[in-house]
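Peer 1: There's a structure below that I have some questions on.
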Amino acid sequence: MRIKEEMETISKRFEELDVCGKFNLKSKLREIAYPDQNLMCLPPTKVNTKGAPKKSMNRNPRSTKRDPSYWEYVDAFHSVKNSNSSVRRSASSSEQPNPRRIMPMLDQFQKFIHNFIDNIVDVKADGNCGYRSVAGLLGMGEDSWSLVRNHLLKELGKFLDDYIKLFGGTNRFEEFRMSLLVDELTKVCNLCFDF
């Protein structure tokens, strides 16, 4: 099976696109070419695929019992999780604690925060270090910092009205949005949003 024809079509299509379109197509191809560097991850728990689906409960329409809210589910989950972890701690308190792996530069942080640090990524300090560290910790590689900024721009465009309210007006929102643009070429991407 050959894909030469498809690759030529993609290449021709790429040349016809504007800068924003080229950037988006390239990021899609990057997801295909480097699947281990994309933002997708495995589900946190194994999904049970066996057995019949549970039947929905038929509640009396005059019942005063309500369905729990999302936050009640979250609170219940965390209380069960915390109670399970405290039982495990007390059962294993006689054993030696697992030694933490040695992380470079951990001594540069306050002692009280050491238990909350899972990983340290040393990135280039070039003004994009925050975006580089996010890209590195997501497994994309620190050189993919511009993709993180692009995803933030897409997020701003998708929920425009909400972010304008959050920033307290259009001027502050526009100032923040413009700060996310990577270089002069991406300012053409302003046309990609419906402002």
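Peer 1: For a quick check of your reading of the model, give me the residue pairs whose first member lies in the stretch 139-161 and is under 20 Å from Ala125 (Cα atoms), whose second is β-branched (Val, Ile, Thr), with beta-carbon atoms closer than 6 Å and at least 6 apart or on different chains.
Peer 2: Every condition considered, the pairs that remain are Glu142/Val123; Ser146/Val182; Val148/Val134; Arg149/Val182.
Peer 1: Taking only the stretch 1-28 into account, find how many residues are assigned to a helix (DSSP H, G or I), aliphatic (A, V, I, L, M) and at pLDDT 85 or above.
Peer 2: So the count comes out to 3.
Peer 1: Of all residues in the stretch 110-163, count the ones that are open to solvent by less than 60 Å² (accessible area, probe 1.4 Å) and not in a helix (DSSP H, G or I).
Peer 2: 8
Peer 1: Whether any residue in the stretch 39-50 is modelled with pLDDT under 70 and among the polar types (S, T, N, Q) is what I want to check.
Peer 2: No.
Peer 1: Then there is this: Name the one entry in Gly157, Gly169 that is at pLDDT 85 or above and more than 26 Å from Asn24 (Cα to Cα). Spell out the reasoning first.
Peer 2: Working: Gly157 fails: more than 26 Å from Asn24 (Cα to Cα).
So the residue among Gly157, Gly169 that is at pLDDT 85 or above and more than 26 Å from Asn24 (Cα to Cα) is Gly169.
The values are calculated or read from the model by the stated rules, or taken from the named source; none is laboratory data. The structure displayed is predicted, hence computed values, not measured ones. Virtual Cβ from ideal backbone geometry, glycine too; neighbours counted across all protein chains shown. Heads up: the accessible areas ignore ligands, DNA and RNA and are worked out on the full protein's heavy atoms, side chains in. Shrake-Rupley method; radii C 1.70, N 1.55, O 1.52, S 1.80 Å.
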